[in-house]
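Report on one structure; see the data block that follows.
The values are calculated or read from the model by the stated rules, or taken from the named source; none is laboratory data. A quick note: this is a predicted structure, and the numbers were derived from the prediction, not measured. Using ideal geometry, Cβ is built from the backbone for each residue, glycine included, and neighbour counts are taken over all protein chains shown. Protein only, heavy atoms only, side chains kept; ligands, DNA and RNA dropped before computing areas. Shrake-Rupley method; radii C 1.70, N 1.55, O 1.52, S 1.80 Å.
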Amino acid sequence: MKKLLIANWKMNLGSEQGAKLALKFSKLLVKNKNKDYVILPSLQSILFIKQKINDSAINFGAQDCSQFPVGAYTGDVSAAMIKEIGCKYVLLGHSERRLIHSENKKILKEKIANALFNKLKIIYCVGEKLIDYKKSNTKKVIKSQISNLFSEKINFNNIIIAYEPVWAIGTKKTPSVTEINNIHEYIKSLFLKIYKIKNICVLYGGSVNLNNSKEIFSARYVDGGLIGGASLKAGEFKKIYDNLN
Ligand code: PGA
C-alpha cells in the first residue's frame with residue numbers, strides 16, 4: 001500500500017500564504033511510487049493555489065463538505081463543487097467538526113454518501129476523547145464510530161481512516177507508539193470483520209512532528225500521517241515526509 005501524508009492547514013492560511021507554502025512543497029517534496037502527499041488548504045484558496053503552482057501532480061483535498069447535494073443551504077459547499085475545483089480528497093469527521101459543529105454519525109453518513117457519489121476519496125477521522133482514553137474505552141469509541149457507517153457495496157480503495165486521539169490534537173501529547181500500533185491493528189481488524197476489507201489504509205494524526213514522526217511511521221500498522229501544525233512549515237513537513245518509508 002502507498003504511504004500517505006496529509007497536510008491539514010485548517011483555517012490558518014489565505015490564498016497568498018497558501019500558494020507560497022504549496023510552491024515550497026512542490027519543490028521540496030519528492031514523490032515516488034511508495035508515497036504521496038495531499039494538501040488540505042482553506043477551500044476558497046484552492047483554485048488560486050492551483051493556478052499559482054501549476055503542478056498537476058499535487059493532490060488537493062477539502063477539509064469538509066456539505067451533507068446535502070444541492071439547494072438552499074447557506075454557507076455550505078457541496079461535494080460536487082469540491083470535485084469541480086479539482087479536489088481528489090475530502091476530510092470528514094475531524095474532531096473539530098464533531099465537537100464545534102456537532103457533527104454526528106447521521107450527518108457524517110450523508111457526507112460520506114455525497115462525497116463518494118462525486119468520486120472523492122474520503123479521509124475519515126476517528127478517535128477518543130481524553131476521558132475515554134483514561135477509562136480504556138478507546139476501542140469501544142472507535143468501534144462505534146466505524147460500525148454501521150459504510151455500505152458494503154462501496155469501493156474501499158476510496159476510504160482512508162485517520163486515527164486521531166482528540167486529546168493529542170495540537171497538544172504536543174501522543175499515545176505511545178505501541179498504543180498507536182495496537183489501535184491501528186484494531187481498526188484494520190474491524191474493517192475485516194465488519195466490511196470484509198483487508199488492510200484498510202490507516203493514518204495517525206495528533207501532534208506528529210519532526211521528533212516523533214520517524215518512530216510513529218516505523219510502526220507496522222501505520223500507513224502514514226495526518227499533520228496539522230507541523231504542516232504549516234515547509235521545512236518541517238518535508239522532513240516528516242522524508243521519514244515516511
Ligand atoms: P496537529 O493536528 O498535528 O496540529 O495535532 C492534527 C489534526 O488535527 O489533523
1.4 Å probe accessible area per residue over the stretch 204-245, in Å²: 40 Å²
Beta bridges per DSSP with both ends in the stretch 107-245, % antiparallel, nearest 5: 0 percent
Among Gln67, Gln44, Gln145: highest mean-square fluctuation, GNM of the chain, C-alpha pairs under 10 Å: Gln44
Accessible surface of the stretch 3-242 [probe 1.4 Å, protein heavy atoms]: carbon and sulfur percent: 53 percent
Extension gain, Met1 back to Ala72 (0.36 nm per residue minus Cα-Cα distance, nm): 21.5 nm
Positive dipole terminus of the chain, leading residue within Ile46, Gly14, Phe191 (C-beta point charges): Phe191
GNM flexibility winner over the chain from Lys214, Lys105, Lys33 (Cα, springs under 10 Å): Lys33
Normalised per residue, the volume of the convex hull around the Cα set of the stretch 121-245 (Å³): 99 Å³
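Evaluate 2.2 N^0.38 Å with N set to the residue count of the stretch 3-242, then give the Cα radius of gyration divided by it.
Values: Rg = 16.9 Å, N = 240, 2.2 N^0.38 = 17.7 Å.
Taking N as the residue count of the stretch 3-242, the ratio is 0.96.
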Charge dipole magnitude, Cβ of K and R +1, D and E -1 - the chain, Cα centre, debye nearest 20: 480 debye
Candidates Ile100, Ile82, Ile161, ranked by Gaussian network fluctuation over the chain, Cα under 10 Å, top entry: Ile100
Average accessible surface area per residue within the stretch 8-126, 1.4 Å rolling probe, Å²: 51 Å²
Debye-sum result for the stretch 26-120 in log10 I(q)/I(0), which assumes one identical scatterer on each alpha carbon, at q = 0.11, 0.15, 0.16 Å⁻¹: -0.35, -0.63, -0.71
Cleavage-rule hits (GluC sites (Glu not before Pro)) in the stretch 152-245: DSSP loop, at most 10 neighbouring Cβ within 10 angstrom: Glu152
DSSP beta bridge pairing in the stretch 3-242, given as percent antiparallel to the nearest 5: 5 percent
